[in-house]
Amino acid sequence: MLAAKNLKKKYQDDGSETQALCGISFEIRKGEFVAVMGPSGSGKSTLLHLMGFLDRPTGGSYSFFGRNIDDLTDAELAAIRNDEMGFIFQDFNLLGKSTVFENVELPLLYCERTPPRKRKEAVEKAIASVGLAEKSNVEAGKLSGGQKQRVAIARALVNNPNVIFADEPTGNLDSLSGGQVMNILRKLNDAGHTVILVTHETYTAEFAERLIRLKDGRLESDAPVKYRRGTEQFVK
Ligand SMILES: Nc1ncnc2c1ncn2[C@@H]1O[C@H](COP(=O)(O)OP(=O)(O)O)[C@@H](O)[C@H]1O
Ligand SMILES: [Mg+2]
């Protein structure tokens with residue numbers, strides 16, 4: 001479980017201060033698919049960075065499956081990030097000159113849980129799960145935007161992470177590729193992965209089962225998604 005209590009983040013750049021998060025509380029259970037929505041500047045990326053141990057809060061508390069961020073060293077945070085979290089960003093963050101296979105293999109080189117002899121299998125499985133088996137030896141820079149984001153998803157899930165964090169994953173994609181990316185995230189969630197998605201698009205948020213809305217660094221609402229996409233069934 002992820003638990004935030006009165007979570008705050010203040011940025012201080014020479015002279016100016018920005019209170020990006022003003023005290024936010026919620027819990028997210030294992031297996032949930034949560035969308036965080038809000039206008040630009042409302043604090044969505046800041047919140048995702050805190051939840052993903054990419055930054056530290058300036059107030060309140062946050063724990064990831066029982067481990068409080070304030071009790072952990074930077075090295076411990078990095079180890080948990082590598083072993084238990086996967087990240088997908090708007091701009092893909094791939095190595096353009098490396099192949100799809102090499103990009104997806106990268107997190108495994110830092111992860112002790114997967115021994116070298118199991119790596120190839122894990123990488124191929126992740127690439128197949130996003131429908132790119134035929135592109136395994138292609139340079140990532142040569143792919144379309146939608147394909148690049150699917151490589152990024154494969155890279156995020158190759159470690160079999162507890163939680164997948166996605167910050168505006170469809171922000172640079174046309175609607176067809178964006179829909180494919182969201183369907184893959186939905187399938188991963190159906191397979192048991194916890195997914196936390198940041199978006200400013202209603203359509204994208206509707207693939208989640210729960211919607212947290214931020215406004216000016218505050219939690220505006222936290223409610224189930226009424227008509228969830230990616231399935232025929234209406235949520236009760
Ligand atoms: N590294 C930073 N230094 C200073 N201010 C920042 C930094 N990152 C974000 N901010 C500010 O914090 C607020 C929230 O930003 P952000 O979390 O990126 O919002 P969102 O992702 O919802 O657009 C904004 O006012 C933004 O300018
Ligand atoms: Mg953002």
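Can you tell me the accessible area per residue over the range 2-67, all protein chains present, probe 1.4 angstrom, in square angstrom? Mind showing how you got there, number by number?
On the way: 2960 Å² over 66 residues.
On a per-residue basis, 45 Å².
So what does log10 I(q)/I(0) come out to for the range 48-199 at q = 0.11, 0.19, 0.21 Å⁻¹, using the Debye formula with one equal point on every Cα and no solvent?
Each listed q maps to, in turn, -0.42, -1.17, -1.37.
Only helical DSSP H runs with n ≥ 4 go in: add -39500 (n - 2.57) per run for the chain, normalise by residue count and round the 222 nm mean residue ellipticity to 500 deg cm²/dmol. Mind dumping the intermediate values first?
Details: 7 runs with 72 residues, N = 236.
Calculated from helices alone, the mean residue ellipticity at 222 nm is -9000 deg cm²/dmol.
Subtracting the Cα-Cα distance from 0.36 nm times the residue separation, let me have the gained length for LEU54 to LEU109 in nm, one decimal.
Stretched out fully, the LEU54 to LEU109 stretch lengthens by 17.8 nm.
Could you give the length gained by full extension between GLU201 and LYS215, i.e. 0.36 nm per residue of separation minus their alpha carbon distance, to one decimal place? Don't jump to the answer; show the numbers that get you there.
Working: separation 14, 0.36 × 14 = 5.04 nm, distance 1.45 nm.
Extra length from GLU201 to LYS215 when fully extended: 3.6 nm.
Please work out the average accessible area per residue across the range 114-236, using the 1.4 Å probe convention, and give it in Å². Don't skip to the answer; put the middle values down first.
Details: 6280 Å² over 123 residues.
Result: 51 Å² per residue.
Under the rule of at least 5 residues apart or a separate chain, name every residue whose amide H is placed under 5 Å from the amide H of GLN90.
ASP167
What percent does the relative contact order of the chain come to when contacts are Cα pairs within less than 8 Å and at least six residues apart?
Numbers: 471 pairs, mean separation 63.3, N = 236.
For the chain, the relative contact order is 27 percent.
For helix 74-84, report the angle its Cα long axis makes with the longest principal axis of the Cα atoms of the chain; keep it between 0 and 90° and round to the nearest 10°.
50 degrees
Can you give the extra length, in nm with one decimal, that the chain gains between ALA78 and PHE26 once fully stretched, where that is 0.36 nm per residue apart less the Cα-Cα distance?
Values: separation 52, 0.36 × 52 = 18.72 nm, distance 2.33 nm.
The span from ALA78 to PHE26 would gain 16.4 nm if fully extended.
Counting only protein heavy atoms and using a 1.4 Å probe, what share of the accessible area of the range 1-117 belongs to carbon plus sulfur, as a whole percent?
Values: 2830 of 5900 Å².
Carbon and sulfur: 48 percent of the exposed surface of the range 1-117.
Determine how large the accessible area of ARG56 is when every protein chain is in place; take a 1.4 Å probe and give Å² rounded to the nearest 10.
Taking all protein chains as shown, ARG56 has close to 80 Å².
With 27 Å as the limit, write out which pairs from LYS120/LYS187; LYS125/LYS226; LYS44/LYS135 have Cα-Cα distances beyond it, or answer none. Walk me through the numbers on the way to the answer.
Values: LYS120/LYS187 23 Å; LYS125/LYS226 33 Å; LYS44/LYS135 33 Å.
From the list (LYS120/LYS187; LYS125/LYS226; LYS44/LYS135), the Cα-Cα distance tops 27 Å for LYS125/LYS226; LYS44/LYS135.
Helix 116-129 against the longest principal axis of the chain: what's the angle in degrees, Cα atoms only, rounded to the nearest 10?
80 degrees
Leaving out ligands, DNA and RNA, what percent of the accessible area of the range 172-222 is carbon and sulfur, probe 1.4 Å? All intermediate terms of the calculation are to be shown ahead of the outcome.
Working: 1050 of 2350 Å².
Answer for the range 172-222: carbon and sulfur cover 45 percent of the accessible area.
Search the structure for amide H atoms under 5 Å from the amide H of GLY59, placed 1.01 Å from N in the peptide plane, and list their residues when 5 or more places away or on another chain.
So GLY59 has HN proximity to LYS8.
How many nm separate the modelled label positions at GLN19 and LYS125, each set 7 Å beyond the Cα in the direction of the Cβ?
4.7 nm
The values are calculated or read from the model by the stated rules, or taken from the named source; none is laboratory data. What you see is a predicted model; the values in this text were computed from it and never measured. Because the Cβ atoms are built from the backbone with ideal geometry, glycine has one as well, and the counts that use them run over all protein chains shown. We work out accessible area using only protein heavy atoms, side chains counted, and drop any ligands, DNA or RNA first. Shrake-Rupley method; radii C 1.70, N 1.55, O 1.52, S 1.80 Å.
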